[in-house]
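Structure, as structure tokens:
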Amino acid sequence: PSDTGVADLLETENHMKYLNGYDDGTFRPENNMTRAEAAQMFYNLLLDKNVSGNSVFYDVSRDAWYYDAVTALANMGIINGKGSGMFDPDGEITRAEFTAIAMRFTDIEVDSAESFADVPPQHWAAEDIADAAALGWISGSGDGNFSPDTAITRGAVVKIVNNMLGRKADTEYV
């Protein structure tokens, strides 16, 4: 994480919880992640949560549980809306959108080539996807594809974020 600059913005030293489960005690790794959940997850990892500014999205109310997360990350230039002043907090985030957000935490130039058969060079997130693959953050589906425009699952998010943070399984504990 220090080599990619991620450690400058995100907690990489302390192994803290960054993603919560649901009220019924489940984690639901197969569920698709929402845009609000993704924002809150990255906000939980921020080293400095004191980011000034107001929400730039009309569909993010001040009393929403994700308000601080969306506002901070938007003001940092980490997350973007869907256009017309909308964030779409309850919408599912795609694999490409999540990867692009993850790449905004790095401050290095990655020398990467095309990485997946289903991500053409003209795809809006092609460079971010290729760079994330070169960094070892993403691996695709094993058949040479990434499925950039499909929703990302909570389980896939954890894998990507753990790769970003340099987290590995504690084999002694397991």
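The values are calculated or read from the model by the stated rules, or taken from the named source; none is laboratory data. Model, not experiment: these values are computed from the prediction. When we count neighbours, we look across all protein chains shown, and the Cβ atoms used for this are built from the backbone with ideal geometry, even at glycine. Side chains included, ligands, DNA and RNA excluded: accessible areas come from the protein's heavy atoms. Shrake-Rupley method; radii C 1.70, N 1.55, O 1.52, S 1.80 Å.
One table, with the values for the structure above:
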quantity	calculated
Geometric extent, Cα atoms of region 1-154 - Rg, Dmax (angstrom)	15.7, 44
Per residue value of the accessible surface for region 5-92 (all protein chains in place, 1.4 Å probe), Å²	55
Estimated [θ] at 222 nm from DSSP helical runs (n ≥ 4, -39500 (n - 2.57)) normalised by residues in the chain, nearest 500	-9000 deg cm²/dmol
T171 versus R62: modelled label distance in nm, points set 7 Å from Cα along the beta carbon direction	5.3
Surface accessible to a 1.4 Å probe, T26 within the full protein complex, Å²	50
Cα-based convex hull, region 1-90, per residue volume (Å³, whole number)	123
Normalised contact order of the chain, rounded percent, pairs of Cα under 8 Å and 6 or more residues apart	27
Percent carbon-and-sulfur accessible area, region 73-117, ignoring ligands, DNA and RNA, probe 1.4 Å	40
Over region 67-174 - Rg/Rh using Cα atoms and the Kirkwood inverse-distance radius	0.98
Unit charges at the beta carbon, dipole of the chain: most positive-side option, P120, S2, N50	N50
Cα-based radius of gyration of region 108-166 once divided by 2.2 N^0.38 Å, which approximates compact folds	1.07
